[in-house]
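Comments concern the structure below.
Every read-out reported here was derived from the displayed coordinates using simple, explicitly stated rules and does not represent laboratory data. Since we're looking at a predicted model, the values are computed, not measured. Note that each Cβ is placed from the backbone with ideal geometry, even for glycine, and that neighbours are counted across all protein chains shown.
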Amino acid sequence: MTGAPSLAACLHSLRAVLFDTDGVITDSAPVHAAAWKGAFDACLATVEGQRPFDPVDDYLRHVDGRARQDGAAAFLHSRGLDLPLGAPDDPPGTDTVHAVAARKEELFSASLRDRPVPTWPGTVRLLRALRDHGVPCAAVSASRHAAGLLSAAGVDTLFRAVVDGNEAHRLDLPGKPDPALFLEAARRLGVPPGDSAVVEDALAGVEAGRRGGFALVVGVDRTAGPYSAGALRRRGADVVVTDPGELLLPGDAG
């Protein structure tokens, strides 16, 4: 009979693990990227000579892991489009940063109505193993949809705390690469950052983990590409894996 999976050596001394949500727990990053492409391409089409938004490279460089408004501003600035910020209640459109962000939200919400978002099996296996080893976990996300996605996927019970975009707004926490979201999650678990790990696929999130003084920052590179793995390491990842399930070892035969 095969025993339960054991944890990789890098996790042995840790007392808590904090997981990013999109791209790490849920396979929602492509849905976010497609929604951003719809929102940005409508804006870029109004300016001669602008190439369309790249849902891989531009997404990873500028918007992945960031709060919606921050991601919109960062990408538009990278293309030399310094739109006025506008107001949070701006309708979806192309005239302000808030309008572009609202269009992205509109497209993303419509996609969620059309199909459920799956979880990554390797991450779920790791979460269950951590629970069996008595290591508390938290889910962290800049998205206001995170808690709903986790609940719909049936994995919300694997987390003792969830700090998402709604909580960030309520507590006025800055978005990644500021470590505030992760620090709040660690506080809720009652474990200091120096005894905790962060598992992230976004460059901004990896940087947040490093800036927050966490004991271990695990970068998740689902593309298995040399550029993305190197970029994660340069931002502060101690370990880079293609899937969090790689942090599990087979159980001993008995």
Seminar exercise, completed: As a percent rounded to 5, the proportion of antiparallel DSSP bridges among beta bridges in the chain is 15
Exercise. Mind checking the angle between helix 121-132 and the chain's longest principal axis? C-alpha axes, 0 to 90 degrees, to the nearest 10.
Worked result: 50
For this session: In square nanometres and to one decimal, what's the mean projected area of the convex hull around the Cα atoms of the stretch 30-114?
Result: 5.1
Problem set entry | Computed label-point distance, nm, for sites Glu48 and Arg61 using a 7 Å Cα→Cβ extension | 2.4
Problem set entry | the stretch 137-152 - phi-based ³J(HN,Hα) in whole Hz, Karplus 6.51/-1.76/1.60, Gly and Pro as x | 10, 10, 9, 10, 7, 7, 7, 7, 8, 4, 4, x, 5, 5, 5, 5
For this session: Can you grab the distance from the C-alpha centre of the stretch 187-221 to the C-alpha centre of the stretch 107-138, Å, no decimals?
Result: 18
Exercise. So how do 121-130, 75-84, 18-27, 241-250 stack up, highest first, on mean other-Cβ count within 10 Å?
Worked result: 18-27, 121-130, 241-250, 75-84
Seminar exercise, completed: For Ala87 and Asp172, extending 7 Å from Cα along the Cα-Cβ vector and measuring point to point gives, in nm, a value of 2.0
Problem set entry | Residue with peak Gaussian network fluctuation, the chain [Cα springs, cutoff 10 Å], from Asp156, Asp89, Asp41 | Asp89
